[in-house]
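Take a look at the structure set out below.
Laboratory data are not the source of any read-out in this text; all were calculated from the coordinates shown. Predicted, not measured: the structure shown is a model, and the values here were computed from it. As a convention, Cβ positions derive from the backbone with ideal geometry for all residues, glycine included, and neighbour counts pool all protein chains shown.
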Amino acid sequence: MAVTQTEGRGSSGDTKGSAGGGGISLEMRMLVPVLLLLAVLSLFPFFYIIWMSLNIVSLINGISFDFAGLTNWTRMFTDEIVGAAWARAALYFVATVGLEMILGIAIALLVHELVWGKNLVLSLILLPMFMAPVIVGLLGRFLTDSSYGLYAYVLRELGIFERDILGTASSALPAVILMDVWEWTPLIVLIVLAGLASVNQYVIEAAKVDGANYLERLRYIVAPSIAGVVIVALLVRSMDAIRYFDIITVTTNGGPGNTTKIIPIRLYETAFRFFDLGYAAAIGLGMLVFSILVANVFVRILESRGLAR
Amino acid sequence: MTTSSSGRSSGTQVILYAILFLVLLWTLVPILWMVLSSFKPGVAQLSSTPVFVFKPTMQHYVSLFTGGNLGAYFLNSVLAAGFSTVIAVSLGCLAGYGLARSHFRGKRHVAFWIISTRMAPIAAIVLPLFILFRYVDLLDSIPGLIVAYLTFNLPFAIWIMNAFFTDLPPSLEEAAMVDGATRFQAFYRVALPLVTPGIVTTAILCLVFSWNDYAFAATFAGPNSQTLPIAAAQLNTQTGLNWGQLSAIGTIVVLPMIIVGLAVRRYLVRGLTLGAVTGE
């Protein structure tokens, strides 16, 4: 949903490999109509949300727009609740993505060394990734339910934690973070394993002959070779981390006492509980800016890897 | 792999498997517990200590379909996810090929626009779409959900198919054209069959993304268009936490996606990294 300049201006349509005929190449006839549809799907809502953010939008008897200039914007930059939600989102983001990266790389290194059953182990590790996040959240609620939950029971019996996990301010955020980590660490494992598979085996063998131990090989050969893949994994995960908020919605929905209220949850309640849609649009644009920045870094890395031509 | 395992002593392997056993325990226990609970009779469900041995029952599945209207929700999910996938992949093949084989100024801006459309936060897209859908009367309808899913599936499909077509040397199509094929035949008969793995992977990922969607359906769907994830979430509030039924619906939602997902495991990396990392 970013503004862009489509096609070149003027006579710059220097399409290659087209077999003449009518002037417009087949490539363009295949590309342009689909891009027009995508423009309807993405640019239209994009400009619309900008317009919404400049209005007080009401849903009472129909939809009414009241032009309000930058009111929503000035309000957003002084709103402590929204500020706190951004701070919490940053914490949630760093904790989930950070843990997923560390665990994912570690598990990938272990799986890579397996001699027997590597494919089976990988397939089993990947399972959570295919699950609907909403089901992961509901399953998390089930497991941590203070009366019937398996994990709540185990923690209680071990004397580690005896209160309601999702209902207690100190444990709710770690619990939803772990649910996210459970679901998405497999993605990092999968991507990093692909990177490890492409490390030059001869160099590894040569290093072994020269007496380099595992950690030295990791530090001087493996790490530099998989650095690019690890960064791709980080970016892909980062873009999705700000996209989804399903797990929190169905577990705590921001509670208890706002401890899990990250920015998309706040946006959602602003829009659909307080029906302050113009203000929610301003918050949404703030999130959009973030994801466009990440996407920008992603495309730059693709280009440096020679993959986006 | 086995040839280079000279340094891998059996002792190291034992430790490896021990650690990975713990990883698998952490990964699999919730899933196994969900499947187990879906066959567990109500009484065993309401025990305060976990019950592992019980007489399996289909009661939760039966009551979901008889009293819970699950058949209709299932159909809604299939229609919304299915149509959005077919449309996205078909158009994605056309545009992905067009993008891969054409060179024009500003191409990288177009690419960036496509990828940032795919990456836009759902919460930010839902808002304007909600108002627009109200105007054009697409709320609470399957076509509405299909359009909503296209907002992320279409850019995804274009992007991935572009990556697969870019990998394909144009010389094959040029050779076909020398042999008398038209430009379109070169695409349809030569290039398209060669990217079959890419098409299948793209289709399966589109299917998984839309089948698993909660945020769009929660905002746009109503009684006529409720999908499975919404039904699951509502079960939780309406009937006072019926964990048996919830486990059953969870199993129904999750199982098909696990099967199709693992079926294309070799190509997943390519799709999930948006073409940036090539798999095995």
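Summary table
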| quantity | calculated |
| --- | --- |
| Cα gyration tensor, the range A:164-309 - rounded (a/c under 1.5), prolate or oblate | oblate |
| Chain A, dipole about Cα centre (Lys/Arg Cβ +1, Asp/Glu Cβ -1), debye to the nearest 20 | 420 |
| Cα-based Kirkwood hydrodynamic radius, the range B:144-280, one decimal, Å | 17.5 |
| Kyte-Doolittle mean at least 1.6 and Cα axial length at least 20 Å: DSSP H helices in chain A | A:26-53, A:169-197, A:277-304 |
| Fewest-first ranking of A:V154, B:V277, using other Cβ atoms within 10 Å as the exposure measure | A:V154, B:V277 |
| Given charges at beta-carbon only (K, R positive; D, E negative), |dipole| of the range A:29-132 in Debye | 280 |
| Inter-label distance, nm, simple model (7 Å from Cα along the C-beta direction), A:D210/A:F67 | 7.0 |
| The protein assembly as shown - Debye-derived log10 I(q)/I(0), Cα point model, q = 0.06, 0.08 Å⁻¹ | -0.33, -0.59 |
| Rotationally averaged projected area of the range B:108-160 (alpha carbon convex hull; nm²) | 3.9 |
| Reachable aspartates and glutamates, given that their alpha-carbon falls under 13 Å from the alpha-carbon of A:K208 and they are not under 8 places away in the same chain | A:E216 |
| Average beta carbon contacts from partner chains per residue of B:147-156, 10 Å cutoff | 3 |
| Theoretical FRET efficiency, 1/(1+(r/R0)^6), r = Cβ-Cβ of A:S170 and B:K107, R0 41 Å, to 0.05 | 0.20 |
| Mean shadow area of chain B, taken as a quarter of the surface of its Cα convex hull (nm²) | 21.8 |
| Helix axis angle, B:228-238 relative to chain B longest principal axis, alpha carbon, degrees | 30 |
| Chain B, relative contact order [Cα under 8 Å, separation at least 6], % | 27 |
| The range B:110-220: C-alpha gyration tensor shape, a/c 1.5 cut-off, then a/b vs b/c | prolate |
| Test item: B:24-32 mean partner chain Cβ contacts at 10 Å | 6 |
| Cα-based shape type of chain A, given that a ≥ b ≥ c are square roots of the gyration tensor eigenvalues and the cut on a/c is 1.5 | oblate |
| Point-to-point label distance, A:L120-A:F274, nm (Cα→Cβ direction, 7 Å offset) | 5.5 |
| Label zone at B:L132 (point 7 Å along Cα-to-Cβ), backbone N below 20 Å, the range B:207-227 | B:210, B:213-222 |
| Per-residue Cβ neighbour rank within 10 angstrom, fewest leading, B:L70, A:L193 | B:L70, A:L193 |
| Sequence of B:Y73, B:Y17 once ranked by neighbouring C-beta atoms within 10 Å, starting from the fewest | B:Y17, B:Y73 |
| FRET efficiency estimate (nearest 0.05) - Cβ-Cβ, A:V40 to B:L32, R0 35 angstrom | 0.20 |
| Cα-based equivalent ellipsoid of the range B:10-92: semi-axis lengths in Å, sorted from largest, via gyration tensor | 34, 29, 8 |
| Helix-only CD estimate at 222 nm, as mean residue ellipticity for the protein assembly as shown, using -39500 (n - 2.57) per DSSP H run (n ≥ 4) | -22500 deg cm²/dmol |
| Calculated Rg and Dmax of the range B:30-160 using C-alpha coordinates, Å | 21.9, 68 |
| Extension gain from A:I160 to A:V203, taking 0.36 nm per residue of separation minus the Cα-Cα distance | 10.8 nm |
| Theoretical FRET efficiency, 1/(1+(r/R0)^6), r = Cβ-Cβ of B:V78 and B:D140, R0 22 Å, to 0.05 | 0.80 |
